[in-house]
Amino acid sequence: MKKRLGVNIDHVATLRNARGEKHPDPYTVALYVLKAGADSITVHLREDRRHIKDMDLKILTSNKLIPVNLEIASDLKMVKIALKNKPSFICLVPEKRNEITTEGGLNLKKNKNKIKKILEIFNRNNIRTSLFINPSLQDIKLSKTLGSKCIEIHTGKISNQIKQNKNYSRELTKIKKCAIYAKNIGLEVHAGHGMDYKTTKILNKIKQIKEFNIGHFIIGESVSHSISKVVKKFVKILR
Ligand code: PXP
């Protein structure tokens, strides 16, 4: 089974916004990402618009050759924006104003009526639906009941364990069990958050996981890898 890679380009916008100018441009980067073999572009339109802005979403989704996976909070204002821009995929994520990044999965139990209603809207509009959840069998069962077509398992905990050289076997077993169960009940399984090369190699062994969404590490690694090329260009200009 071919695994899909979605690249989250939020932090290209973070870098651009640091200067309030146009460079680096998320749209240009999205084209490079797809040319390099990735399958989709993920962006999270946050309530505070700290990275991706409405205009970025508009520009990205106006090119119908770009499969855009839009992450949004379970909020009707966001649903309206999503419907206007028509991304290929939607992933509902929890959102806290003061968090640095998405810290965990959705609280499905608490928000089930709202989430069910939002999933119905996107399913009706032929936009693939996904819920960002913790690796929990209960949440997977509920995701199916609420009408989601996919789930994305939050891999933050195992990623941290792997990076810190801690024992991750319990978390890996849990994720594996969840992926098998989700696939068996007809959900497509995705995974993401905090992943790097090592985490990806480990989780890629779970064959039920069809798609990985990776952001921060790819952007950071791209800077580290490409800086010598760019510096050489400047040295050539100057000497
Ligand atoms: N998947 C989801 C649902 C996310 O919200 C994020 C970003 O928080 C990612 C994947 C990518 O995480 P990271 O940037 O840590 O790779």
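See the values below:
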| read-out | value |
| --- | --- |
| Those residues of the stretch 214-239 which are more than 30 Å from Val68 (Cβ to Cβ) and of a type in the set (S, T, N, Q), in sequence order | Ser228 |
| Filter result (without any contact (Cβ under 8 Å) to a residue 24 or more places away in the chain and among the hydrophobic types (A, V, I, L, M, F, W, C)) within the stretch 183-239 | Phe217, Val223, Ile227, Val230, Val231, Phe234, Val235, Ile237, Leu238 |
| Residue match in the stretch 69-91 (condition: touching a residue at least 60 places away in the same chain (Cβ under 8 Å), surrounded by 13 or more Cβ atoms within 10 Å (Cβ to Cβ) and of a type in the set (D, E, K, R)) | yes |
| Residue satisfying condition, being hydroxyl-bearing (Ser, Thr, Tyr) and away from the ligand (no atom under 15 Å from the Cβ), within set Thr200, Thr129, Thr173 | Thr173 |
| Single residue of the stretch 1-49 satisfying the filter (farther than 21 Å from Lys86 by Cβ and within 12 Å of the ligand (Cβ to nearest atom)) that is farthest from the chain's Cα centre (by Cα) | Thr14 |
| Matching residues in the stretch 95-110 - criterion: being within 16 Å of the ligand (Cβ to nearest atom) and within 15 Å of Asp75 (Cβ to Cβ) | Glu95, Lys96, Arg97, Thr102, Leu106, Asn107 |
| Residues within the stretch 209-225 that are among the aromatic types (Phe, Trp, Tyr) and either farther than 20 Å from Thr101 by Cα or more than 8 Å from the ligand (Cβ to nearest atom) (or both), tallied | 1 |
| Residue selected from the stretch 43-62 under the condition assigned to a loop (DSSP other than H, G, I, E, B) and in contact (Cβ under 8 Å) with a residue 24 or more places away in the chain, by the criterion surrounded by the most Cβ atoms within 10 Å (Cβ to Cβ) | Ile52 |
| Hits in the stretch 142-199 (condition: more than 22 Å from Ser40 (Cβ to Cβ) and of a type in the set (Lys, Arg)) | Lys144, Lys157, Lys163, Lys166, Arg170, Lys174, Lys176, Lys177, Lys198 |
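Where a number appears in this text, it was derived from the coordinates with a stated rule and is not lab data. This one's a predicted model, so the numbers in the text were calculated from it and none came from an experiment. Here the Cβ is made from the backbone with ideal geometry for all residues, glycine too, and neighbour counts use every protein chain on show.
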